[in-house]
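Here, each number is a calculation from the coordinates, and none is a lab measurement. This one's a predicted model, so the numbers in the text were calculated from it and none came from an experiment. Because the Cβ atoms are built from the backbone with ideal geometry, glycine has one as well, and the counts that use them run over all protein chains shown.
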Ligand code: OSB
Ligand code: MG
């Protein structure tokens, strides 16, 4: 394909309820949406990409303004030669951007937009491209840190009554053993897991081992992003299976984590690892090594949620992911909303990766928009 135009839209979407994790409280999602217009075999086609980066570099080193800068100044220009030669494909994007170190969320959004355009031009759904045959995936929900345990129990009850099939509780110092105990006592059989977003150190090992009493599916990223060895040591001191999120940034780091005993389960987030194609490679590595995976999220709009739902249909995704309905985060999504159907999210089967945004809702949510020529 040849890129004709790239529009970088910054959206501001209010969250239905504040989302508190060990790293921040968010009340609004500011998110970069890429609209890429390309020419494929003489016809114009639009591809949509969504970037996982938050406004502050508190989940990963990437952040919205940095993504905007690196995308315009360093990433898109590297696609220019292949684009003018009509040789650009989604499968070539990672290689063309390979000299730029890091910036995986920025690269992921570009690759998604190119892949979306490519599949739309070919009339192929992402689900088909991945070889997925399921029509739906079970839906889990990530529950933020609350002000009190009674409030937490209400929030969890609310999600369970909507049909969510698995609960993930965010934890941090001072909000860990007792809230988890309370939810487990109220719901002895509910699939339950916790996510610390790197809040602890190995010195907390015996404290965290108290979580072993609650029959959790997993503990996600208790230690720092770069503390792979410490995760392996912590895993030896707990029975709860160790799952990595932040530390796994590529198929190579996934393989290391598994082989070193730092991860028995992997949270695959396409945005964190540089895109859907690397996400698929992580899936393949994990399946090879007998490690289950699940699909994480970055409060995606319908654009990214559509791609995540298809990815999560791959066979290694045997643990319910953080693919909730649109109304978990947004009163009004920019696409047709994803809804819970008996505790599941339907996998789209229309051509492309993304769900297409409604132009009126997109415009209403847009706070800044810049045009970049490749
Ligand atoms: O650690 O999984 C995480 C949201 C933002 C940043 C990091 C994380 C999360 C979530 C929410 O847990 C996942 C979602 O439903 O999108
Ligand atoms: Mg996480």
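If r is the Cβ-Cβ distance from residue 364 to residue 69 and R0 is 25 Å, what FRET efficiency results, to the nearest 0.05?
Here the calculated transfer efficiency is 0.45.
Taking the Cβ-Cβ separation of residue 182 and residue 7 as r and a Förster radius of 41 Å, what is the calculated FRET efficiency to the nearest 0.05?
0.30
Does anyone have the angle between helix 177-186 and the longest principal axis of the chain? Alpha-carbon axes, 0 to 90°, nearest 10?
90
How far is helix 302-311 tilted, in degrees, relative to the longest principal axis of the Cα atoms in the chain, given as a value from 0 to 90 rounded to the nearest 10?
In the chain, helix 302-311 runs at an angle near 70 degrees to the longest axis.
Which parts of segment 118-160 would a label at residue 89 reach, counting a residue when its backbone N lies under 19 Å from a point 7 Å out along Cα-to-Cβ?
118-132
Specify whether the C-alpha gyration tensor of segment 32-177 places it in the rounded, prolate or oblate class, a ≥ b ≥ c being the square roots of the eigenvalues: rounded for a/c under 1.5, otherwise prolate if a/b is larger than b/c and oblate if not.
oblate
State, to one decimal in nm, how far the label point of residue 189 lies from the label point of residue 373, with both points 7 Å from Cα in the Cβ direction.
6.4
So what is the relative contact order of the chain, in percent, for Cα pairs below 8 Å that sit 6 or more residues apart?
Across the chain, relative contact order equals 22 percent.
Output the relative contact order of segment 128-346, whole-number percent, from Cα pairs under 8 angstrom with separation of 6+ residues.
22
DSSP beta bridges in segment 115-195, what fraction antiparallel, as a percent rounded to 5?
Details: 1 of 9 bridges.
Counting DSSP beta bridges with both partners in segment 115-195, the antiparallel share is about 10 percent.
What is the fewest-to-most order of 243, 295 by other Cβ atoms lying within 10 Å of their Cβ?
Details: 243 31, 295 26.
Least crowded to most crowded, the residues run 295, 243.
With runs of 4+ DSSP H residues as the only contributors, calculate the mean residue ellipticity of the chain at 222 nm using -39,500 (n - 2.57) per run, divided by the residue total and rounded to the nearest 500.
So the helix-based figure for the chain works out to -9000 deg cm²/dmol.
When DSSP beta bridges are limited to those with both residues in segment 128-346, what percentage is antiparallel, rounded to the nearest 5?
Bridges in segment 128-346 that DSSP calls antiparallel: roughly 20 percent.
Quick check on segment 274-374: take the gyration tensor over C-alpha atoms, sort the square-rooted eigenvalues as a ≥ b ≥ c, and tell me if it's rounded (a/c under 1.5), prolate or oblate.
Judged from the Cα gyration tensor, segment 274-374 comes out oblate (a/c at least 1.5, b/c at or above a/b).
Would you mind ranking 168, 255 by Cβ crowding within 10 Å, fewest neighbours first?
255, 168
Report, in degrees rounded to the nearest 10, the 0 to 90 angle that the Cα long axis of helix 276-288 makes with the longest principal axis of the chain.
40
Averaging over all projection directions, find the projected area of the Cα convex hull of segment 128-346 and quote it in nm² with one decimal place.
Reported value for the Cα convex hull: 11.4 nm².
Round to a whole angstrom and tell me the spacing of the C-alpha centers of segment 300-339 and segment 61-101.
Between the Cα centres of segment 300-339 and segment 61-101 lies a distance of 26 Å.
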